[in-house]
Amino acid sequence: MRFQVNRDVFSEAVSFVVKLLPQRNPQPILAGVLIEASDQGLTLSAFDYEASARTTIEATVDEPGTILVHGRLLSDIASRLPNAPIEIAVEEDGGIAVTCGSARFTLASMPVEEYPSIPEVAGATGVVPAEDFGTAIAQVAFAASRDDVTPVLTGVQLEVAGHNLSLVATDRYRVSLRDVPWDGGESEQTALVPARTLTEVGKTFAHGGNIEIAFSGAGDREIIAFTSGNKTVTSLLIKGNFPPVRRLFPEQTDHYAVVNTADLIEAVRRVALVLDRSAPLRFTFTSDSVTMDASGSEQARASESVDAHLNGGDEVTLGLNPQYLLEALGAVKSEFTRVTFTSSDNANKLSPVLITSQTSVDQAGLDSFKYLLQPNLLLR
């Protein structure tokens with residue numbers, strides 16, 4: 001095999017396919033990137049039995065063929081090569097020569113015949129706007145659990161209904177939800193996608209126009225595919241029943257406060273500095289302000305107030321996890337934030353707060369981002 005390829009195009013393609021590979025892979029063969037050279041150009045693929053990435057780029061192919069080479073090493077080399085065309089060829093002893101300008105590397109080849117088959121997904125089930133989908137992933141995926149003890153909570157649930165695609169994630173302490181337009185079949189679909197994989201999809205495809213999403217497979221090998229331009233990512237779905245968290249979102253939202261998002265973020269960051277790890281921050285919402293109070297170890301204390309507008313009810317005092325709140329405020333993406341105080345039929349249970357966007361003091365935001373956060377018990 002022998003081909004020449006643009007250095008920047010090749011470096012970007014290798015970087016894309018290796019992003020989804022785990023840092024430490026129990027099977028060395030899965031650390032490889034499969035490169036197939038043909039008359040149609042180069043196809044680069046990576047697969048670890050759970051997620052795959054594939055892209056096709058233009059190249060001048062002198063001798064077609066297929067090689068398997070260590071992905072992260074190749075990515076590191078390609079990103080540091082001089083600004084000149086790259087030539088890659090298989091030498092007589094089986095080594096892989098990478099030449100660019102005066103730089104030359106020889107890499108070991110890996111056995112192509114031992115590499116697993118890349119999943120194939122036929123046809124697109126539907127299409128979503130790439131920018132909306134990328135934003136939605138960023139607003140939802142952080143709320144998924146990072147604890148593998150409960151696998152279903154480490155994923156983001158995708159739910160298709162009519163012309164709407166919902167993304168939902170929860171770690172039991174909070175729930176994040178966002179809807180985006182869906183252009184596809186009317187049939188309802190659900191897919192529980194690992195949050196890590198979906199996050200990479202959002203970062204990679206956010207500026208690509210549209211993303212085609214296809215559901216495929218059955219039983220234990222159900223997969224979902226995301227395609228934009230010349231790139232495709234597939235992911236094995238998480239098996240299990242996602243909790244019915246939609247019912248937790250309240251119908252009535254009359255009792256709420258509106259706060260400037262940036263002001264609240266800065267104040268929470270400052271006051272939380274004295275808190276012990278995982279300790280809640282005390283919030284007191286009054287008619288014209290919200291006050292944050294924190295008590296930490298070694299007699300450290302802090303408090304700060306920012307302007308707020310309270311509507312439809314009495315003053316409220318509650319404890320919130322400051323990091324969970326900051327992640328929600330970062331996802332709101334609007335000048336103001338509405339913090340709604342929900343009610344519960346159970347008098348002994350704290351009711352969650354609902355966080356949504358607000359374009360002005362008086363006008364709710366147009367996007368469909370919703371975030372429920374469970375308050376913490378405050379020690380008197």
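A few notes on this one:
One line per residue, one yes/no per condition, for (1) more than 22 Å from R104 (Cα to Cα); (2) not hydrophobic (A, V, I, L, M, F, W, C):
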{"position": "M1", "(1), (2)": "no, no"}
{"position": "Q4", "(1), (2)": "no, yes"}
{"position": "R7", "(1), (2)": "no, yes"}
{"position": "E12", "(1), (2)": "no, yes"}
{"position": "P22", "(1), (2)": "yes, yes"}
{"position": "I29", "(1), (2)": "yes, no"}
{"position": "V33", "(1), (2)": "no, no"}
{"position": "S38", "(1), (2)": "yes, yes"}
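- Test for A89: is it open to solvent by less than 60 Å² (accessible area, probe 1.4 Å), assigned to a strand (DSSP E or B), farther than 25 Å from G229 by Cα and in contact (Cβ under 8 Å) with a residue 24 or more places away in the chain: yes
- The stretch 241-259 residues that are exposed (fewer than 15 other Cβ atoms within 10 Å of the Cβ), paired with ones that are at pLDDT below 90 (beta carbon under 6 Å, 6 or more apart): D254/G312
- Just one of (1) without any contact (Cβ under 8 Å) to a residue 40 or more places away in the chain; (2) in a strand (DSSP E or B); (3) over 28 Å from K333 (Cα atoms) fails for D148. It is (2).
- For the stretch 155-183, taking the residues that are open to solvent by 30 Å² or more (accessible area, probe 1.4 Å) and touching a residue at least 24 places away in the same chain (Cβ under 8 Å), the one that is farthest from I224 (Cα to Cα) is identified as Y173.
- F133 being within 20 Å of E212 (Cβ to Cβ), open to solvent by less than 40 Å² (accessible area, probe 1.4 Å) and not in a strand (DSSP E or B): yes
- Residues of the stretch 315-343 that turn out to be more than 14 Å from E266 (Cα to Cα) and not acidic (D, E), as a count: 17
- Only a single criterion out of (1) surrounded by 21 or more Cβ atoms within 10 Å (Cβ to Cβ); (2) part of a loop (DSSP other than H, G, I, E, B); (3) modelled with pLDDT of 95 or more; (4) not acidic (D, E) is not satisfied by A84, namely (1).
- Here the stretch 4-21 is the region considered, the condition is being among the hydrophobic types (A, V, I, L, M, F, W, C) and either open to solvent by 50 Å² or more (accessible area, probe 1.4 Å) or not in a helix (DSSP H, G or I) (or both), and the residue that is farthest from S52 (Cα to Cα) is V5.
- Sole exception among (1) on the phi > 0 side of the Ramachandran plot; (2) in contact with a helix residue (DSSP H, G or I) (Cβ under 8 Å, 6 or more places away or on another chain) for G217, by number: (2)
- Those residues of the stretch 324-377 which are at pLDDT below 90, under 18 Å from T253 (Cα atoms) and touching a Pro at 6+ places or on another chain (Cβ under 7 Å), in sequence order: T342, L350
- Against the list (1) touching a residue at least 60 places away in the same chain (Cβ under 8 Å); (2) in a strand (DSSP E or B); (3) in contact with a helix residue (DSSP H, G or I) (Cβ under 7 Å, 6 or more places away or on another chain), the condition L44 fails is (1).
- The one condition in (1) outside any helix (DSSP H, G or I); (2) over 27 Å from G202 (Cα atoms) that V33 fails to fulfil: (2)
- The listed residue being in contact (Cβ under 8 Å) with a residue 12 or more places away in the chain, among the charged types (D, E, K, R) and surrounded by fewer than 17 Cβ atoms within 10 Å (Cβ to Cβ), out of E335, E298, E327: E335
- Checked against the criterion of being open to solvent by 60 Å² or more (accessible area, probe 1.4 Å), touching a residue at least 24 places away in the same chain (Cβ under 8 Å) and assigned to a helix (DSSP H, G or I), the candidates R54, R72 yield just one match: R72.
- Flag if S15 is closer than 23 Å to V193 by Cβ and of a type in the set (S, T, Y): yes
- Given (1) over 25 Å from the mean Cα position of the chain (by Cα); (2) open to solvent by 70 Å² or more (accessible area, probe 1.4 Å); (3) not hydrophobic (A, V, I, L, M, F, W, C), number of the condition S38 does not satisfy: (2)
- Qualifying residue in the stretch 99-122 (condition: among the β-branched types (V, I, T), part of a loop (DSSP other than H, G, I, E, B), more than 14 Å from L34 (Cβ to Cβ) and open to solvent by 30 Å² or more (accessible area, probe 1.4 Å)): yes
The values are calculated or read from the model by the stated rules, or taken from the named source; none is laboratory data. Predicted model, so just to flag it, every value in this text is computed and none were measured. Don't worry about glycine lacking a Cβ; one is built from the backbone with ideal geometry, like all the others, and counts go over all protein chains shown. Ligands, DNA and RNA are stripped out before the accessible areas are found, and what is left, the full protein with its side chains, is counted by its heavy atoms. Shrake-Rupley method; radii C 1.70, N 1.55, O 1.52, S 1.80 Å.
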